[in-house]
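The values are calculated or read from the model by the stated rules, or taken from the named source; none is laboratory data. In this text, all values refer to a predicted model and were calculated from it rather than measured experimentally. Every residue, glycine as well, gets a Cβ built from its backbone with ideal geometry; the counts of neighbours run over all protein chains shown.
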Amino acid sequence: MHQHQRSSSQISTCSGWTRLSRKFIFSMSLILALCGIVPGCSIPSLQKTEPLGPGDHTLWLDHDHRHRSYLVHLPPQVTTNSSLPVVLNFHGGGGHAAQQQAYSNLDHLADSKGFIVVYPNGTGNLSSRLLTWNAGTCCGYATKHGIDDVGFIRLLIDHLKKRVPLDATRTYATGMSNGAMMAYRLAAEAPDLVAAIAPIAGSMALPHISASRSVPIMHVHSLDDPRVPYEGGFGLPFPLTRHQDHHFPVETQLRQWIDQNQCSPDPATAPMLHGKGGTPEAHHTAQMISYSPCQTEAEVRLWQLSGPGHVWPGGEPTPFQRFLGPPTNIIQVNQEMWEFFIRYSR
């Protein structure tokens, strides 16, 4: 009798689990069905290896106990080309990926030339805004907390290539301000990841280059930059704060790369460009200074501007312009950097 009661209890328990299992299956089916129609909904575990098509995608990964994200723009050619070049485009301090995407407007050129643009997100007290990069001595939250952003980018590339065929020999890096400094850190500490870099308005925030390999550099900077001064020192405080960062002089840091790449110390200087008369940038100038030939065949190029502020030349208008200084179209930096990049592969 006792054994019979025990068996009945087991049957009852088993029936309960069956009902719970059915409820779980029904619930998951409902979630999956709703996820197909709710914008922004995703089930990461079901999408790990799903190929990506043309357009914008936000992807997430876990690195160093943090859940981190990046935005990737894929051109139409992704459906026909077996592998495409990649440009890592880092936002400035206090920015985020979508902001950098809109400001730099690099997607248009990517669609025309057939390359992938990746906009990683830095870290901060907020999950998706006011983010920074640990580029060495700058900047903000990421540096204060010792964030391993080089490791994050290494994992990001591995994560993306599971979804999109990448040309590993043609990965490049650019960025604005603190993002430019992050591009420099990749070149200085992980040159196996990048074939060339094009930092915009941000000098290298490391005292020394730790890698032994050469990396081609195209640096773009205004002599009148109020936030990352060309001659180094403290820039203006961050908006609505009293915080200031100290920056290394542009030419002092470039000299390290001229030596690293074994380039001629005597540069070739191109004719100076002048802004169009009768426009707000009539007094703007731009001059390309090239340190070559280089024994490593990795040129160091400097676009030295005057008149503009702390800006992305040819970039889209931004509501933060009054904090950055005058914009400029004296050069279209996207076109200049791409023509520089395609000369190099790893």
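Side notes on the structure shown:
- Selection from the range 270-286 of residues that are of a type in the set (Val, Ile, Thr) and outside any loop (DSSP other than H, G, I, E, B): Thr285
- The one condition in (1) under 27 Å from Pro249 (Cβ atoms); (2) surrounded by fewer than 23 Cβ atoms within 10 Å (Cβ to Cβ); (3) touching a Ser or Thr at 6+ places or on another chain (Cβ under 9 Å) that Ala135 fails to fulfil: (2)
- Test: Ser222 is buried (at least 24 other Cβ atoms within 10 Å of the Cβ) and either in the same structural domain as Leu130 (by TED's automatic domain parsing) or closer than 24 Å to Ile330 by Cα (or both): yes
- Within the set Gly122, Gly151, Gly146, the sole residue that is among the small types (Gly, Ala, Ser), touching a helix residue (DSSP H, G or I) at 6+ places or on another chain (Cβ under 8 Å) and in the same structural domain as Ile209 (by TED's automatic domain parsing) turns out to be Gly122.
- Considering the conditions (1) crowded, with 19+ Cβ neighbours inside 10 Å; (2) not in a loop (DSSP other than H, G, I, E, B), Phe323 is excluded by exactly one of them, (1).
- Selection of first residues in the range 79-94 that are exposed (fewer than 15 other Cβ atoms within 10 Å of the Cβ) and of second residues that are not in a strand (DSSP E or B), restricted to Cβ pairs under 6 Å at least 6 apart or on distinct chains, gives the following pairs, ordered by first then second residue: Ser82/Pro165.
- Helices (runs of 4 or more DSSP H) contained entirely in the range 139-251, each with at least 1 residues that are modelled with pLDDT of 95 or more, among the aromatic types (Phe, Trp, Tyr) and farther than 27 Å from Ala110 by Cβ: 140-144
- Checking each residue in the range 102-117 for being over 12 Å from Pro76 (Cβ atoms), surrounded by 18 or more Cβ atoms within 10 Å (Cβ to Cβ) and out of contact with any Leu (no Cβ under 6 Å at 6 or more places or on another chain) picks out Tyr103, Ser104, Leu106, Leu109.
- Yes/no for Ile209 being on the phi < 0 side of the Ramachandran plot, crowded, with 20+ Cβ neighbours inside 10 Å and either hydrophobic (A, V, I, L, M, F, W, C) or over 18 Å from the mean Cα position of the chain (by Cα) (or both): yes
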